[in-house]
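Shown next, in structure tokens, is the structure this report addresses.
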Amino acid sequence: MKKIGLVGGISWSSTIDYYRIINEETNRLSGGLNYAECMIYSVNFQRFHTCNAAHDWDGSFALLLDAALQLEKAGAELILLCANTAHIVAERIAEKMQSPLVDIRLVTAAAIEQKKLKKVGLLGTTYTMELDFYRRTLRENGIDSIIPASKAERDFIEFTLLHELGKGILSAQTKKVYLRIAEALIEQGAEGIILGCTEIPLLIGQEDFSVPVFNTTEIHARAAVAQAMLSITH
């Protein structure tokens with residue numbers, strides 16, 4: 001099994017889930033006391049946030065590339081950027097790596113295609129919802145996406161991701177608002193909901209909806225294990 005490198009800390013609260021899911025999935029597939037060989041480079045989230053807030057994508061790229069290269073130098077053979085927003089610079093990072101990068105957008109699109117859905121609601125950071133890097137990838141895979149129409153709602157999601165979920169704070173009131181926003185997307189024709197920030201699954205999940213929910217943390221982590229285990233089966 002290939003060694004998995006996680007560019008984490010974006011945020012720490014969801015990186016914990018990545019580590020747990022990767023090891024649970026490895027054990028489910030391998031049995032016994034087998035778990036993943038993996039390593040985490042936890043970046044300082046403040047630096048990541050500062051670059052993003054200024055739309056300094058070169059700064060975000062440099063920060064995440066350094067982490068990915070450090071993981072590769074330490075022996076990682078497969079790299080994950082443990083945040084949807086980080087994939088703004090995913091292609092640029094992949095070009096600089098010797099090891100393959102598992103793209104969260106592509107594996108999420110594949111999961112949606114498996115359900116044969118054509119229109120989904122997308123919840124995430126303002127960057128993920130408002131910039132085109134994520135929705136473009138969905139379109140290229142035949143999937144239409146809609147986001148909350150209200151800027152106030154998008155800003156609420158952004159604020160709570162930073163100041164609640166990203167700090168491990170889970171609020172029942174915030175959950176109610178997220179569910180209301182998602183249900184409005186379903187009423188607009190969304191056949192499923194993408195939890196397009198890796199902190200959102202900490203708050204809401206499949207049990208809260210009647211339509212398919214795409215937990216990008218889980219999808220990404222399991223895809224990494226599947227790719228890492230190709231070295232065993234081939």
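Please treat every number below as a calculation from the coordinates, not as lab data. Worth saying up front: this structure is predicted, and the values here are computed from it rather than measured. Reconstructed Cβ throughout: ideal geometry from the backbone, glycine too, with neighbour counts over all protein chains shown.
What the table below lists for this structure:
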read-out: For ILE146, distant residues with modelled amide H under 5 Å away; value: VAL120, GLY121, LEU122
read-out: Order of LEU195, LEU65 under a 10 Å beta carbon neighbour criterion, fewest first; value: LEU65, LEU195
read-out: Spatially proximal lysines relative to LYS167 (Cα-Cα < 26 Å; intrachain offsets below 8 disregarded); value: LYS151, LYS175, LYS176
read-out: 5 angstrom amide H check on ILE40, placed H, neighbours 5+ away; value: LEU6
read-out: Inter-site label distance for VAL177 and ILE16 at 7 Å from Cα along Cβ, in nm; value: 2.2 nm
read-out: Extreme residue, positive dipole direction of the range 32-101, given options PRO100, THR50, ILE79 (C-beta unit charges); value: THR50
read-out: C-alpha center-to-center spacing [the range 78-95, the range 173-201] in angstrom; value: 24 Å
read-out: Summed residue charge, Cβ within 11 Å of GLU91's Cβ, Lys/Arg positive, Asp/Glu negative; value: +1
read-out: Within straight-line cross-link reach of LYS96, lysines at Cα separation under 26 Å, skipping those fewer than 8 residues along the same chain; value: LYS2, LYS3, LYS73
read-out: Extended-chain gain in nm, criterion 0.36 nm per residue less alpha-carbon gap, ASN44 and LEU170; value: 43.2 nm
read-out: Whichever aspartates and glutamates have a C-alpha closer than 19 Å to that of LYS118, once near sequence neighbours (fewer than 8 apart) are set aside; value: ASP132, GLU140, ASP144, GLU183, GLU187, GLU191
read-out: Two-site label geometry, ARG136 and LEU29: point separation in nm, points 7 Å out along Cα→Cβ; value: 3.0 nm
read-out: Percentage relative contact order, the chain, counting C-alpha pairs under 8 Å, at least six apart; value: 25 percent
read-out: Cα gyration tensor, the range 105-215 - rounded (a/c under 1.5), prolate or oblate; value: prolate
read-out: Helix-only [θ]222 nm of the chain, DSSP H runs n ≥ 4, -39500 (n - 2.57) each, per residue, nearest 500; value: -16000 deg cm²/dmol
read-out: Calculated FRET efficiency for the pair GLU37/ALA152, C-beta based, R₀ 41 Å, to 0.05; value: 0.35
